[in-house]
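Below you'll find the structure, written out as structure tokens, and then a few comments.
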Ligand SMILES: Nc1nc2c(ncn2[C@@H]2O[C@H](COP(=O)(O)OP(=O)(O)OP(=O)(O)O)[C@@H](O)[C@H]2O)c(=O)[nH]1
Ligand SMILES: [Mg+2]
């Protein structure tokens, strides 16, 4: 599944991801995370009945999109399938990864299960590598407290370089702070400085070479460092998508 060559911008998003944008340039918030971390609970809490459900185009994976308004801004919220990684070993991983990479969400919220943070942080780091507009939502904090797990939010926030918000999605605890953080990120009152993984010198060298070539063809719209890493991985799906972006640009 690559990007189609005829579409661009607003229509491309609508076509590829079947997004129900209510106005042009509407801020899109993606909810990502491991399976069973409370993504849909938070999605339902924020959107209420104001939602559409269906399938992702061409997939049998269900898709939920909904709206919520905060500080006079109407956001489109997209509930991504639960995944342990973005390596695209399954349809769910492919959707989550394509959406975060090419769907251009304004913000990606990673919903983590606070009772097994180590496993959840793996996906968080992968998402942070793909987009700097990331918020980590430490959900199920009530369960963590019940199990005697203590998390130092400030240290985590400092080390990751992104906002870290504890929540209980089932009751809505912490959601006010999450909304305020979204608003502050959209209005650029908060800027993030996500922790970046540095690879061995030989890989970093190849990444810069590939990145320079990519930038020449596709500019700065997409995360060329991440795309270069996937090319080194030999990821055919990503190579096809890049080919289609280049073709699309040539046609425009
Ligand atoms: N105790 C507690 N339970 C929660 C919380 N958030 C969600 N749950 C429960 O956790 C379970 C999973 O929640 P979902 O919202 O379906 O999780 P999900 O991430 O959408 O799961 P997938 O779509 O399968 O990836 C449900 O039983 C929720 O009621 C929370 O903060 N605290
Ligand atoms: Mg769900």
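Could we say that residue 90 is closer than 30 Å to residue 233 by Cβ and more than 16 Å from ligand 2 (Cβ to nearest atom) here? Answer is no for this residue. The set of residues from region 70-83 being assigned to a loop (DSSP other than H, G, I, E, B) and under 13 Å from the mean Cα position of the chain (by Cα) comprises 80, 81, 82, 83.
Here the condition is being touching a helix residue (DSSP H, G or I) at 6+ places or on another chain (Cβ under 9 Å), modelled with pLDDT of 95 or more and at positive phi; of 25, 71, it holds for 71 alone.
Kindly indicate whether residue 58 is outside any loop (DSSP other than H, G, I, E, B) and more than 13 Å from ligand 1 (Cβ to nearest atom). Criteria not met by residue 58.
Of all helices (runs of 4 or more DSSP H) completely enclosed by region 90-180, which ones contain at least 2 residues that are touching a helix residue (DSSP H, G or I) at 6+ places or on another chain (Cβ under 8 Å)? Fully inside region 90-180 and qualifying: 91-102, 117-130, 141-146.
Taken over region 234-252, the criterion of being free of Cβ contacts under 8 Å to residues at least 60 places away in the same chain, on the phi < 0 side of the Ramachandran plot and surrounded by fewer than 18 Cβ atoms within 10 Å (Cβ to Cβ) is satisfied by 236, 239, 246, 249, 250.
Residues in region 52-69 that are away from ligand 2 (no atom under 12 Å from the Cβ) and within 21 Å of residue 23 (Cβ to Cβ): 52, 54, 65, 66, 67, 68, 69.
With the condition kept exactly as written, say whether any residue in region 53-64 is assigned by TED's automatic domain parsing to the domain that holds residue 127, buried (at least 21 other Cβ atoms within 10 Å of the Cβ) and at pLDDT 95 or above. Checking region 53-64: not a single residue is assigned by TED's automatic domain parsing to the domain that holds residue 127, buried (at least 21 other Cβ atoms within 10 Å of the Cβ) and at pLDDT 95 or above. Looking across region 39-51, the residues that are buried (at least 21 other Cβ atoms within 10 Å of the Cβ) and within 9 Å of ligand 2 (Cβ to nearest atom) come down to 39, 43. When we screen 183, 176 for residues that are modelled with pLDDT of 95 or more and either loosely packed, with under 13 Cβ neighbours inside 10 Å or under 22 Å from residue 34 (Cβ atoms) (or both), the only hit is 176.
The values are calculated or read from the model by the stated rules, or taken from the named source; none is laboratory data. In this text, all values refer to a predicted model and were calculated from it rather than measured experimentally. A quick note on method: Cβ atoms are made from the backbone with ideal geometry, for glycine too, and the neighbour counts reach across all protein chains shown.
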